Structure formats: C-alpha cells, structure tokens
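The structure appears right after this line, and notes come after that.
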Amino acid sequence: MTFEQLNYFIAVVENDTYFDAAYEVNISQSSLSKQIMKLEKELNMTLFDRTSRSATLTEAGEFFYGEAKQLIKHYKQTLEHIENFKSLHKNKLHIAVLPIQTQYNLNALFNDFKKQNPTIEFKITEVEDDRLLEGIGKNEYDLIIAREAMFNKSQFSTYPIANDELVVALSSEHRLSKRSKLTFDEIADEDFILMNPYTSIYRLCISQLKLHNIDANITHTARTESIIGSVAINEGISLLPNSNFQVFNQSNITTIPLDPAIKLSVVLAKNKTTTCTISIKKFIKFIEDFMQ
C-alpha cells in the first residue's frame, strides 16, 4: 500500500466516478482502476460495489475511507514537520548590513563568528537603507544590521551592537569651531551639506531640523567622503555620525557634539515572523556575549 494509492482511492470516493477521479489525479482511468484493484488485493477487502454505475463504497470501503483520510493527514503533517526540522537546522546564515562595517569594526566581528562556527555557510550583503528593509520583508536575509531608529519594535526584535552619536562637522576655520557643544538654534542659519536622501541619517537630520523649527538651507547632499571634503574647505557644515571620522581622516575638520546629544545605536535586527533557525540563534547569542 502506497500513499499514492491512498490518494487515488480518496479521489475516487470524493469524485463519485473513476472518470472524474482520473482527471483530478492526472492518470488514465484504466491505470487508476488497476491501482485500486492492487490496493484491494493487498488489503483483501472489496472497497467499491461494482454493481453500481457510480463509485459506491462497500461497508469495508466506508471503514477504510476514514482510515485512509487519517493516514494522508498524518503523512502531510509528517512532511511539514520534516520541512520545519530542515528549516530550523539550516546551516546557512545571510546577513544584510548598511555600509557601516568599517566604522564599527564589523568585519572583525563577522570573522570571529566564522572562526567559531566554521560549518555555517555565512554570507554578508552590504546594501543601502531602503533595500535593507525591503529585502528582509521578502525573506531575502535572515538578519540585518542597521541603525535602531529604522526599526518598528512591534515588527522587529533588536540586539545592540554599537553606540554612536550625531555630531556637527565643520571646518576648523569656522567661527563656531572652538565651541565644546552646539545647539540647533546656534547652527540654524548655516548652509548644510547632508547625506543622501535615501539614508536614515538624512531622514534623522531632517526630522531634527523640523523639530527645532529650522528651515535649513541644504546646499546639496552627497556620500560621507564627499561631504567631509566640502566641509573641510568651508562650503558648509554637516550632521554626521561621529564614527565616520574614525574612518575618513581629513585635516581642517572639527567635530562638535550636539546639546542635547542625539544617540545613534547600531543593532542587529530580526523580523519577528522569520523562523529562528539554529544558525540565527547562534549569531544572536554571539552578539549578546560580545556586548557583555
């Protein structure tokens, strides 16, 4: 007795005729009849009353129909359990991260994890903000690393990786360059050069400027290295994560903290709908241990 034969038998019962059942299971009517007869021979039971033109069950057939339905139900459940097991024990891990690996020393972090877990197929993809959230929404990534402000806590679980803060970047020749701290009111009339509009830092800067009722003169937007070059020659000021200046060393640049400070936490994030595989659990535990 095979599960295929059980499905054929159930199809005949539920379609009332061999003709309709054969069409449903996509085999010829004669092949279907042969499979039913093989099943009857193995069971040593007559399942259908062949004196009727329709597929009428015998008493034995009625009994076996209930058993066959249960067997198929358990078979499907077993297949689902097997797939769940395989998914949980998937030895792969795909993490997407903003272009911030260097400034937060994430490359060394990833390398340590790979050394500790050599059997895990570990993949890192660097993408910009909008693509990051789109990708995890489509289950293209198992985990993502980005700034905490990007995540809706009802949808994502987050785990801290690094701390940072937004600072004012200006030329060392700027009139405010000797200040120990700066408020938004004190920089309200400056020309601003901000990061590209698709970045979370740009959106944060815009929201803070609006919060302080500043109609900022944003002369242009650019990548970090271009901004720093422009600020160095006093074309304007910028608002950037302080960690950028550990990567892009530029003379004639001064960075000044904001008052009050605007913190920028970097986190590992997991979509709450993503199945928590063994590999995911291992990486989350690795990050938690690292941060202790």
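Coordinate-derived values only; no laboratory data. Note that the coordinates shown come from a computational prediction; the quantities given were computed from them, not determined experimentally. Please note: Cβ atoms are built from the backbone with ideal geometry, for glycine as well, and neighbour counts cover all protein chains shown.
Among the aspartates and glutamates, select those whose C-alpha is under 14 Å from the C-alpha of Lys92, and discard any that sit fewer than 8 residues away in the same chain. Leaving aside aspartates and glutamates fewer than 8 places away in the same chain, those within reach of Lys92 are Glu121, Glu140, Asp142.
Look at the dipole of region 3-87 built from charges on Cβ: of Ile82, Gly61, Asn15, the Cα furthest out on the positive end belongs to Ile82.
Counting only other residues whose beta carbon sits under 12 Å from that of Leu268, what net charge do I get with K and R as +1, D and E as -1? Intermediate values should be presented prior to the final figure.
Working: positive: Arg147, Lys270, Lys285; negative: Asp142, Glu148, Glu288.
The answer is 0.
When the dipole is taken about the Cα centre of the chain, and only Lys, Arg (+1) and Asp, Glu (-1) are charged at their Cβ, what size is it in debye, to the nearest 20? Before the final figure, lay out each step's value.
On the way: 31 positive and 37 negative charges, 156 e Å.
Dipole size: approximately 760 debye.
Tell me which lysines have Cα within less than 29 Å of Lys181's Cα, excluding those fewer than 8 residues away on the same chain? Lys181 reaches Lys210, Lys263. With one equal scatterer per alpha carbon and no solvent term, the Debye-computed log10 I(q)/I(0) for region 166-257 at 0.17, 0.26 1/Å reads -0.64, -1.64. For region 3-87, the C-alpha radius of gyration sits at 1.18 times the compact-globule guess of 2.2 N^0.38 Å, with N the residue count.
What share of the DSSP beta bridges in the chain is antiparallel, in percent to the nearest 5?
Values: 22 of 38 bridges.
Bridges in the chain that DSSP calls antiparallel: roughly 60 percent.
Exposed loop sites are taken as GluC sites (Glu not before Pro) in a DSSP loop (any state but H, G, I, E or B) with at most 16 other beta carbon atoms within 10 Å; the longest stretch of the chain without one runs 1-127. The slack in the chain from His212 to Ala188, taken as 0.36 nm per residue of separation less the alpha-carbon distance, amounts to 7.8 nm. Taking all C-alpha pairs of the chain, those more than 29 Å from each other amount to 57 percent.
If you take the Cα centroid of region 150-194 and the Cα centroid of region 202-280, the two points sit 6 Å apart.
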